[in-house]
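The values are calculated or read from the model by the stated rules, or taken from the named source; none is laboratory data. None of these values were measured; they are calculated from a predicted model. With ideal geometry, Cβ positions are generated from the backbone for all residues, glycine too; neighbour counts draw on all protein chains shown. These area figures cover heavy atoms from the full protein model, side chains too; ligands, DNA and RNA do not enter into them. Shrake-Rupley method; radii C 1.70, N 1.55, O 1.52, S 1.80 Å.
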Amino acid sequence: MTAAPKKPLSREAMYQIIRSPLITEKMTILSESNQIGFKVAIDATKPQIAAAVEALFNVKVSSVNTLIQKGKAKRFRGRPGVRSDVKKAIVTLVPGETIDFTTAIG
């Protein structure tokens with residue numbers, strides 16, 4: 001069997017995959033070792049995440065690690081409920097590459 005040719009992601013699909021950057025104390029520490037954290041779509045795959053980050057930020061990605069943070073059971077206005085699950089991606093960049101979140105995305 002041969003693999004189907006990859007269809008490039010549209011700009012809209014990239015923004016659906018990469019939801020927001022994770023700006024936390026832990027991510028700030030990881031940024032010193034060329035790793036950046038993002039909240040991503042729950043059904044996004046590692047190759048899709050890598051392609052979206054490379055296209056949106058014009059950087060080279062060496063690896064992607066993902067985790068799913070399960071939603072906590074909380075009470076909303078006195079009634080029990082559950083927060084949504086969140087998928088996070090920690091993207092390792094090729095040495096020499098950086099992403100600056102203080103500038104606008106082109």
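Worth pointing out:
- Cross-chain or 6+ apart pairs with Cβ under 7 Å, the stretch 58-71 first and more than 15 Å from Ile99 (Cβ to Cβ), then of a type in the set (S, T, N, Q) and open to solvent by 50 Å² or more (accessible area, probe 1.4 Å): Gly71/Ser84
- Breaking point among (1) on the phi < 0 side of the Ramachandran plot; (2) open to solvent by less than 80 Å² (accessible area, probe 1.4 Å); (3) of a type outside the set (Val, Ile, Thr); (4) modelled with pLDDT under 95, for Ala89: (4)
- Qualifying residue in the stretch 11-28 (condition: loosely packed, with under 12 Cβ neighbours inside 10 Å, touching a Lys or Arg at 6+ places or on another chain (Cβ under 8 Å) and of a type in the set (Gly, Ala, Ser)): yes
- Filter result (closer than 22 Å to Gln16 by Cβ and either of a type in the set (A, V, I, L, M) or over 19 Å from the mean Cα position of the chain (by Cα) (or both)) within the stretch 61-82: Val61, Val64, Leu67, Ile68
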